[in-house]
Every structure is written in C-alpha cells, then in structure tokens.
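Q: Please see the structure below; I have some questions.
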Amino acid sequence: MPEDYSEFLRKHGRSTPDVYELAPADADYFQAQMQALKDSSRYSASVNVHSLDEYRNMRLFVTDDGKAGGALRGDELMSLWAHKDGNYPHVSSALLGVRVSQGGRILNCFDTVLPDLYSFCGFTPTARLPWDDRFAPEGWDHDTYRKYNEGRPDVVFMTYDPEALGSRYIPGSGRVVDSYDAGVTAAREAFG
C-alpha cells in the first residue's frame, strides 16, 4: 500500500496490517471466509459469494491474521470481507488501498452502508442502477433493509479518485443507468 495512503489511514485511526496475496490454489480458503461472513450476517442477502472457479481467476488478498480479505478481478474490486474477531479495527480501508495499489479502480455495492466507507477511501459514485425486484438476490427481505430506500437500495457504481480521499458519500449521486453493464462501463469511463 502506498505510504501516503497508509499515513491517511493512520491519521484517521484505521489499521494498516500486512496483507498477502493468496495463490489460486488457496481460493477455497478465501471462499470459505466469504461464506462464513455471509452465514453470520443479518444482511447476508447483500453478500455475493462467487464460485471457486471464479475466485481462482481473481487476485485474492488477506491480512496476516487471516481474518479479512478482498478480491481483485482486473480493475474491479470485489468480495471484501472482515470478521469481527480480527486483530485490526477498520481493516476494510487498508484492503481497499492495497487493491487500488494493484490496479483496482472500480467497484459496486448496494446503497446501504458501503458507499460511505468507499467514499472515505477515495471512491466517487459515478452511476447507479435503480432497484428492480426481478433481480433481488436470493433471500432478500425488504424489511431487513427497510432503512435503505424502503428495502430497495440502488446498486452504486464507484470509481477511484485519489483526490477524493476522506470524502463523504452523497446519497443519490451518480447518473442513473438502465443495466448493470452500463454501470460498470460508466465507472470505467469515469476513471479515464
């Protein structure tokens, strides 16, 4: 992770642990940790666990205590997880920085709590896909997510901008798109 990003995190009370890249053969460990997070979360429907083959084709990063990690597929940051019993508070910020230093530039998430974290770490909302009940993740419960647009949060597509470190997320920001692919394209175009 670049030293200026590490300094930024330390200044804001965030951890900067050692992070290691897993070999593709260790994708089963990574997937198991993602599944454990999904299984233990009230908000599990918003957690997407990819197949073992998909993870074998991504770059996988974990903290030295093995309690947090994140994936990178080309320029797209994916599968961020952090267990509560890990050694590092606010470790997700460090995992974002490591993956950005390795070429990560775009990500997407539901418009719940994550856009706040991602904005703080330098990602700006570039597009949003309105909720569509037809594409709700398996097990989605509108009551569980009620405080987020009555349980129907948009998907927010975000692009990394180093000038945006420490910024705040503005709900509703980003242009509206009509498909997931259009959102990914908008995020990539915003990076330039």
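Per-residue answers, yes or no, for (1) free of Cβ contacts under 8 Å to residues at least 60 places away in the same chain; (2) among the hydroxyl-bearing types (Ser, Thr, Tyr); (3) surrounded by fewer than 20 Cβ atoms within 10 Å (Cβ to Cβ):
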| site | (1), (2), (3) |
| --- | --- |
| 137 | no, no, yes |
| 143 | yes, no, yes |
| 154 | yes, no, no |
| 163 | yes, no, yes |
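Q: If you scan the range 11-50, which residues turn out to be surrounded by 12 or more Cβ atoms within 10 Å (Cβ to Cβ) and basic (Lys, Arg)?
A: 14, 38
Q: Counting just the residues of the range 1-10 that are within 22 Å of residue 76 (Cα to Cα) and surrounded by 14 or more Cβ atoms within 10 Å (Cβ to Cβ), which one comes out modelled with the lowest pLDDT?
A: 1
Q: Run down 79, 92 and say which single residue is free of Cβ contacts under 8 Å to residues at least 40 places away in the same chain and closer than 25 Å to residue 126 by Cα.
A: 92
Q: Might you check whether a residue that is among the aromatic types (Phe, Trp, Tyr) and outside any strand (DSSP E or B) occurs anywhere in the range 70-82?
A: no
Q: When the residues of the range 38-57 are filtered to those that are touching a helix residue (DSSP H, G or I) at 6+ places or on another chain (Cβ under 8 Å) and hydrophobic (A, V, I, L, M, F, W, C), which remaining residue is modelled with the lowest pLDDT?
A: 47
Q: Which of the residues that make up the range 36-57 are assigned to a loop (DSSP other than H, G, I, E, B) and over 14 Å from the mean Cα position of the chain (by Cα)?
A: 41, 42, 43, 51, 57
Q: Also, quick follow-up: Return the only residue of 74, 70 being at pLDDT 95 or above, among the small types (Gly, Ala, Ser) and either at positive phi or surrounded by fewer than 21 Cβ atoms within 10 Å (Cβ to Cβ) (or both).
A: That would be 74, the only listed residue that is at pLDDT 95 or above, among the small types (Gly, Ala, Ser) and either at positive phi or surrounded by fewer than 21 Cβ atoms within 10 Å (Cβ to Cβ) (or both).
Q: Taking residue 145 as the residue in question, decide whether it is among the hydroxyl-bearing types (Ser, Thr, Tyr), under 22 Å from residue 47 (Cβ atoms) and within 17 Å of the chain's Cα centre (by Cα).
A: Judged against the criteria, residue 145 is not a match.
Q: Go through the residues of the range 15-37 one by one and say whether even a single one is β-branched (Val, Ile, Thr), closer than 23 Å to residue 180 by Cβ, touching a Lys or Arg at 6+ places or on another chain (Cβ under 8 Å) and not assigned by TED's automatic domain parsing to the domain that holds residue 190.
A: So far as the range 15-37 goes, no, none of its residues is β-branched (Val, Ile, Thr), closer than 23 Å to residue 180 by Cβ, touching a Lys or Arg at 6+ places or on another chain (Cβ under 8 Å) and not assigned by TED's automatic domain parsing to the domain that holds residue 190.
The values are calculated or read from the model by the stated rules, or taken from the named source; none is laboratory data. Keep in mind it's a predicted model, so treat the numbers as computed, not measured. Cβ sites come from the backbone with ideal geometry, for glycine too, and all protein chains shown count toward neighbours.
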